[in-house]
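**Student:** This is the structure I want to talk about, given as structure tokens.
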Amino acid sequence: MSRTPSNMLSLGTIAPNFNLLDTVTNTILNLQNIKGNHGTVIMFISNHCPFVKHINTRISLMAKEYVNKGIGFIAICSNDVKNYPLDAPHLMKQLAHDEDFTFPYLYDETQEIAKNYDAACTPDFYLFNSNLELVYRGQLDNSRPENGIPVTGINLCNAIDALLLGNPINPIQKPSIGCNIKWIDSK
């Protein structure tokens, strides 16, 4: 099992815009149209990664909890589906249904968006404020497959709660750890 850390994009970075296919609705969605009123969580995830499978239930529950507080959730899969067919769009749609995702699950076919966000692993989490300025990036919590620590989402939840209360978010943030993004071989 790969243990790739996130790259930790600089705080204050403006969220790169995108137009990506939502595998659930089969429509093209734009960040400006689906961002939350008070903040937006952008997650790079994948279907086959054991680190993501480990947290799917928690991110589904968190999205349901925070949507009524004005926080939008967006998931993106950027993996090479030719070499990792379990991450294909029709299976992304199935996973979204199975996990009861209430947020868009977008397909980044060209991997341009993952590169724009400097995403490195799945899962990789980014929290942007209402102006789409990065205020948190890093881990969901300390839980990993097989480490026995319960999945709580505490690190990301603390950042979201601070954002909603207008409190400072601790700038000391731990990188996420997961499977590396499966980059398309450009040879």
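**Student:** Among the strands (runs of 3 or more DSSP E) confined wholly to segment 42-159, which include 2 or more residues that are of a type in the set (Val, Ile, Thr)?
**Tutor:** Filter on segment 42-159 gives 71-77.
**Student:** For segment 160-187, name all the residues that are in contact with a Gly (Cβ under 7 Å, 6 or more places away or on another chain) and either of a type in the set (Phe, Trp, Tyr) or in a loop (DSSP other than H, G, I, E, B) (or both).
**Tutor:** GLN173, LYS174, PRO175, SER176, listed by residue number.
**Student:** Inside segment 26-43, can you point out the residues that are among the polar types (S, T, N, Q) and either touching a helix residue (DSSP H, G or I) at 6+ places or on another chain (Cβ under 6 Å) or surrounded by fewer than 12 Cβ atoms within 10 Å (Cβ to Cβ) (or both)?
**Tutor:** Those that are among the polar types (S, T, N, Q) and either touching a helix residue (DSSP H, G or I) at 6+ places or on another chain (Cβ under 6 Å) or surrounded by fewer than 12 Cβ atoms within 10 Å (Cβ to Cβ) (or both): ASN26, THR27, ASN30, GLN32, ASN33, ASN37.
**Student:** Does SER46 count as of a type in the set (Gly, Ala, Ser), crowded, with 20+ Cβ neighbours inside 10 Å and in contact (Cβ under 8 Å) with a residue 12 or more places away in the chain?
**Tutor:** yes
**Student:** Pairs please, first residue from segment 9-37 and of a type in the set (Gly, Ala, Ser), second anywhere and assigned to a loop (DSSP other than H, G, I, E, B) and surrounded by 12 or more Cβ atoms within 10 Å (Cβ to Cβ), Cβ atoms under 7 Å, 6+ apart in sequence or on different chains.
**Tutor:** Matching pairs, first to second residue: ALA15/LEU132; GLY36/GLY70.
**Student:** From (1) assigned to a loop (DSSP other than H, G, I, E, B); (2) modelled with pLDDT of 95 or more, pick out the condition that doesn't hold for LEU9.
**Tutor:** (2)
**Student:** Collect the residues in segment 105-132 that are within 16 Å of ASN33 (Cα to Cα) and surrounded by fewer than 21 Cβ atoms within 10 Å (Cβ to Cβ), keeping them in residue-number order.
**Tutor:** Of everything in segment 105-132, those that are within 16 Å of ASN33 (Cα to Cα) and surrounded by fewer than 21 Cβ atoms within 10 Å (Cβ to Cβ) turn out to be ASN129, SER130, ASN131, LEU132.
**Student:** Does VAL24 count as in a loop (DSSP other than H, G, I, E, B) and not hydroxyl-bearing (Ser, Thr, Tyr)?
**Tutor:** For VAL24, the condition - in a loop (DSSP other than H, G, I, E, B) and not hydroxyl-bearing (Ser, Thr, Tyr) - is met.
**Student:** Pull out all pairs, ordered by first then second residue, where Cβ-Cβ is under 9 Å, the residues are six or more apart or on different chains, the first lies in segment 105-119 and is touching a residue at least 60 places away in the same chain (Cβ under 8 Å) and within 16 Å of PRO89 (Cβ to Cβ), and the second is surrounded by fewer than 20 Cβ atoms within 10 Å (Cβ to Cβ) and acidic (Asp, Glu).
**Tutor:** Between residues of segment 105-119 that are touching a residue at least 60 places away in the same chain (Cβ under 8 Å) and within 16 Å of PRO89 (Cβ to Cβ) and residues that are surrounded by fewer than 20 Cβ atoms within 10 Å (Cβ to Cβ) and acidic (Asp, Glu), the close pairs are GLN111/ASP80.
**Student:** Which of the residues that make up segment 142-177 are on the phi > 0 side of the Ramachandran plot and at pLDDT 95 or above?
**Tutor:** GLY153, GLY166
**Student:** Conditions: (1) free of Cβ contacts under 8 Å to residues at least 60 places away in the same chain; (2) more than 18 Å from PRO5 (Cα to Cα). ASN155 meets all but one. Number of the miss?
**Tutor:** (2)
**Student:** Please list, ordered by first then second residue, the pairs with beta carbon atoms under 8 Å, 6 or more apart or interchain, first in segment 134-149 and touching a residue at least 40 places away in the same chain (Cβ under 8 Å) and crowded, with 19+ Cβ neighbours inside 10 Å, second acidic (Asp, Glu) and in a strand (DSSP E or B).
**Tutor:** ARG137/ASP124
**Student:** Can I ask one more? Would you mention how many residues in segment 78-105 are over 17 Å from ILE184 (Cβ atoms) and hydrophobic (A, V, I, L, M, F, W, C)?
**Tutor:** Adding up the residues that qualify gives 5.
The values are calculated or read from the model by the stated rules, or taken from the named source; none is laboratory data. Predicted model only: the values in this text are computed from it and were never measured. Backbone-built Cβ (ideal geometry, glycine too); neighbour counts: all protein chains shown.
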